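Peer 1: Would you mind keeping the following structure in view while I ask a few things?
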Amino acid sequence: MTGEQIVFLVVALFTLGSGFMVVTTRNLVHAALWLVSTLFGVAVTYAVLDAAFLAVVQVVVYIGAIAILFIFAVMLTRKDVRDQGPQMNKNWWFGALLAVMTFGGLYFLLQGWSGLSKTAAAIPAGFDAVAELGNELVSPAAYVLPFEVASVLLVAALVGAVYVAFNPRSGK
Amino acid sequence: MSFWNDPLKVAADWLLGVFTGWGMPEMAANILIGFLGVLLLITVLMVLDIFLVWIERKVVARFQDRLGPNRVGPFGLIQPFADIIKLIIKEDTTPGGADKVVYNIAPMLSMMSVLILWAIVPLAPTILGVDLNIGALYLIAAGAIGTLSIIMAGWSSNNKFALIGAFRQVAVMVSFEVPMLTMLLIPTIFAGSMGMSTIIEKQDVWYVFLAPLAAVIFLIAAIAELGRAPFDMAEGESELVSGFNIEYSGMKFGMFYAGELLHAFTFGGFLAILFFGGYRFFGLEQVSPFLAIAVIVFKAFIGYWIIMWVKYTLLRIRIDHMLAFNWKFLTPLAFSLLMVVALMNALLANAPIWLYISGMFLSNVAVAWAALEIARSVSRREREKVEGPKQVVEVGH
C-alpha cells in the first residue's frame, strides 16, 4: 500500500464518519459543525488529487460562507437547538433501497472500468493548473458559456434577494 | 552550497543523511524532516508571540503617554513570561451549560488559523514553507477557519454576551472578506500569479506605488478581519464586557489573545509581501537569506505598528455604520478599482515602464478622488434631508 492510498483511506473514513454524524446527531449546531468537518475532508481529497485550487475554493466557499450561514440560521431561528422529533419517517426503507441501488449500480458500472487499477500519470514539471483552469473558463472553445450562464444565475439570485428584502413602502 | 546561502536545504540534507544512516527509509525521513521544519517555524513564531505582548503593551503605553511594563527585567522584558505563568496557573473554568468539546476546540482553531498562514509566507528566496500558486485564496481560506473559531467560542460558552459578540464579529469578518479578496486580486494582476513568491519576485517597483488605494483598502479590510479598533465590535468592552471570549479563563483566553496579536503581525507581513516588496530591499536579499529575513520582519513590524497606531487612536464605530461603510462604500470602491486596474493593465501592457507606473498611479488617485466626491455629495444630500437646506447666514456689514 502506498502512502497516497493510506492518506486517501484515512481521509475517506474521516469524511464518511463526519457525514454520518451530520445526519445522526440531535444537536443542530453540532450537525453543522460535523458538516464543516465533512466539507474539510472533501477539500483534503481534492488536495490529494493535486487540485489545490478546488481544495482552497472548497474551504473558502463551503466552510467560510455556507457553513457559517447554516450556523447563523440555526442559532437565530431556534430557541432550543436540540431536535426532538423522530429521526426517521415511514419512508426510511425507500431511502435505504435507493441508496443501496445507487451504490450497487455504481459498483456494477465501475467494475468494468480499467482506470481503477491504473496509477495517475505524473504531472509534468512547470504545469500550472490554475492558469490552465483560468484559460479554459474564458476560452470560447471550452467552458465560457457555462461559466457566463452560472454568473448570470448568481446575479439573478442576488437581485432576487435584494428584491425580496426590499420593502417599497418604507423605502428601506 | 554553503549553510549561509541556503540554510534550510543544507540542514535538511544533513538531517536526511543522519536519519538514513540510522536505517530509516528515505520517505519516512523526508516526512520527519518536514515535521521538524513545521515545528521549528511554529516554535519561532510562538516565541515571537511572547515578545509581541511586550511590544504591544510598550507601544500602547507610548501612545497613551505612560511607561508600560518596566518592573520585571530590563525594560520590563520579562513581563510577558510573568503573564504566561499567571495564565497557566489560573483556574481553568468551564461555564455551566457550556458545550465542552466545542468550547475547548475553539481556542485551538483560533490559534491554528493564524499559524497556518505562515505556511505560505516567504521569509527569504529559499526559506519558505510552500510556494502555493493560489496563495491569495489560501489567505482567505485561513480567515474562514478563524471566523468559524469565533462563532464556536461564542456559541459554546452559553453566554448571551459571548453570542452577541460572536455574531457581530462574524458579520464584520464575512463582509470585509469581500473587499479584502478583491484587493488581493490587484497584486495578482500585476504579478500574473497568486503565489506569494512570484508576487515578491515581480516587485521591481513596490506595488504600493502602482496601487496606493489598493494598499489602503487592504489595510482597512485587514484591520476589520482582525477585529481590532475601530472595528472591535466582538469585544466591545463597554457593551459586551469582553465579547466572544468572555467565558474563557487562563491559557484558553491566552490563546485568543496571542492569536490576535500574532494575526496582527501576520497581516503586517502580508501587507509587506503584497505591496511593499516582501523580503526585497535594494538587492539586500541577494547578499544573505538572513538579511532577507531581517528585511521582511522589519517591514512586518512596520505594518504591525501601523495597525497598532490605528487601534490606539480611533474610537469604535457603531456596527450599522461599519457594515454600511463596507457594503455601500468599500466594496463598490474595491470592485471599481479592480476593473480600472485590470483595464489599465490591458491598455498599458506594451507601454514603457515609466508610463505603466504613472498610469496606474494616476488611475488609482482618480478612482480615490471620484469615490470621495461621490461619498461627499451623498452625505450632503442625506444631511439636507434631515436638517433642511444649508442656510447661509450673513454676518457683519
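The values are calculated or read from the model by the stated rules, or taken from the named source; none is laboratory data. These figures come from a predicted structure and were not determined experimentally. Cβ placement follows ideal geometry from the backbone for every residue including glycine, while neighbour counts extend to all protein chains displayed.
Peer 1: Being away from chain A (no Cβ under 11 Å), surrounded by 24 or more Cβ atoms within 10 Å (Cβ to Cβ), of a type in the set (Val, Ile, Thr) and under 21 Å from the mean Cα position of the chain (by Cα) narrows it down to one of B:Ile223, B:Ile186, B:Ile150, so name that one. Before you say what the answer is, go through the steps one by one.
Peer 2: Details: B:Ile223 fails: surrounded by 24 or more Cβ atoms within 10 Å (Cβ to Cβ); B:Ile150 fails: away from chain A (no Cβ under 11 Å).
Matching residue, one of B:Ile223, B:Ile186, B:Ile150: B:Ile186.
Peer 1: Could you check how many residues of segment B:271-285 are in contact (Cβ under 8 Å) with a residue 60 or more places away in the chain and part of a helix (DSSP H, G or I)? Lay out the reasoning, then the answer.
Peer 2: Looking only at segment B:271-285, we keep the residues that are in contact (Cβ under 8 Å) with a residue 60 or more places away in the chain, and these are B:273-280, B:285.
Now drop any that are not part of a helix (DSSP H, G or I), which leaves B:273-275, B:285.
Qualifying residue count, segment B:271-285: 4.
Peer 1: Listed residues B:Pro69, B:Pro95, B:Pro80; which is of a type outside the set (Gly, Ala, Ser) and assigned by TED's automatic domain parsing to the domain that holds B:Ile246? Working first, answer last.
Peer 2: Numbers: B:Pro69 fails: assigned by TED's automatic domain parsing to the domain that holds B:Ile246; B:Pro80 fails: assigned by TED's automatic domain parsing to the domain that holds B:Ile246.
Step by step, each of B:Pro69, B:Pro95, B:Pro80 is checked, and only B:Pro95 is of a type outside the set (Gly, Ala, Ser) and assigned by TED's automatic domain parsing to the domain that holds B:Ile246.
Peer 1: Going by the structure shown, is B:Ser157 under 15 Å from the mean Cα position of the chain (by Cα), among the polar types (S, T, N, Q), at negative phi and surrounded by 19 or more Cβ atoms within 10 Å (Cβ to Cβ)?
Peer 2: Values: under 15 Å from the mean Cα position of the chain (by Cα): no; among the polar types (S, T, N, Q): yes; at negative phi: yes; surrounded by 19 or more Cβ atoms within 10 Å (Cβ to Cβ): yes.
In short, no.
Peer 1: Consider B:Phe209 carefully, then state whether it is surrounded by fewer than 24 Cβ atoms within 10 Å (Cβ to Cβ) and not charged (D, E, K, R).
Peer 2: Working: surrounded by fewer than 24 Cβ atoms within 10 Å (Cβ to Cβ): yes; not charged (D, E, K, R): yes.
Against the criterion (surrounded by fewer than 24 Cβ atoms within 10 Å (Cβ to Cβ) and not charged (D, E, K, R)), B:Phe209 qualifies.
Peer 1: Can you find a residue that is part of a loop (DSSP other than H, G, I, E, B), within 14 Å of another protein chain (Cβ to nearest Cβ), without any contact (Cβ under 8 Å) to a residue 40 or more places away in the chain and of a type in the set (D, E, K, R) anywhere in segment A:85-103? Steps first, please.
Peer 2: Of segment A:85-103, the ones part of a loop (DSSP other than H, G, I, E, B) are A:85-91.
Pick out the ones that are also within 14 Å of another protein chain (Cβ to nearest Cβ) and you get none.
No, segment A:85-103 contains no residue that is part of a loop (DSSP other than H, G, I, E, B), within 14 Å of another protein chain (Cβ to nearest Cβ), without any contact (Cβ under 8 Å) to a residue 40 or more places away in the chain and of a type in the set (D, E, K, R).
Peer 1: Something else now. Look through segment B:10-61, keep the residues that are part of a helix (DSSP H, G or I), of a type in the set (Phe, Trp, Tyr) and modelled with pLDDT under 85, and return whichever of them is surrounded by the fewest Cβ atoms within 10 Å (Cβ to Cβ). Walk me through how you get there before you give the answer.
Peer 2: Just the residues of segment B:10-61 that are part of a helix (DSSP H, G or I), to begin with: B:10-21, B:26-61.
Those still in the list that are of a type in the set (Phe, Trp, Tyr) too: B:14, B:19, B:35, B:51, B:54.
Going one step further and asking which of them are modelled with pLDDT under 85, we end up with B:14, B:19.
On the way: B:Trp14: 12, B:Phe19: 17.
By that ranking, first place goes to B:Trp14.
Peer 1: Name the residue, out of B:Asp204, B:Asp232, that is free of Cβ contacts under 8 Å to residues at least 24 places away in the same chain and either of a type in the set (Asp, Glu) or surrounded by 23 or more Cβ atoms within 10 Å (Cβ to Cβ) (or both). Can you show your working first?
Peer 2: Working: B:Asp232 fails: free of Cβ contacts under 8 Å to residues at least 24 places away in the same chain.
Matching residue, one of B:Asp204, B:Asp232: B:Asp204.
Peer 1: Given the residues B:Met173, B:Met111, which is the only one that is within 12 Å of chain A (Cβ to nearest Cβ) and aliphatic (A, V, I, L, M)?
Peer 2: Details: B:Met111 fails: within 12 Å of chain A (Cβ to nearest Cβ).
Only one candidate qualifies: B:Met173.
Peer 1: To continue, here is another question. Test each condition in (1) in a helix (DSSP H, G or I); (2) among the polar types (S, T, N, Q); (3) within 12 Å of another protein chain (Cβ to nearest Cβ) for B:Asn104 and report the one that comes out false.
Peer 2: Every listed condition holds for B:Asn104 apart from (3).
Peer 1: Assess whether B:Phe190 counts as being aromatic (Phe, Trp, Tyr) and more than 22 Å from B:Met360 (Cα to Cα).
Peer 2: Numbers: aromatic (Phe, Trp, Tyr): yes; more than 22 Å from B:Met360 (Cα to Cα): no.
Here the answer is no, as B:Phe190 does not meet what is asked.
Peer 1: Here's a check for you: in segment B:78-94, which residue that is buried (at least 16 other Cβ atoms within 10 Å of the Cβ) and within 22 Å of B:Gly154 (Cα to Cα) is modelled with the lowest pLDDT?
Peer 2: This residue is B:Thr94.
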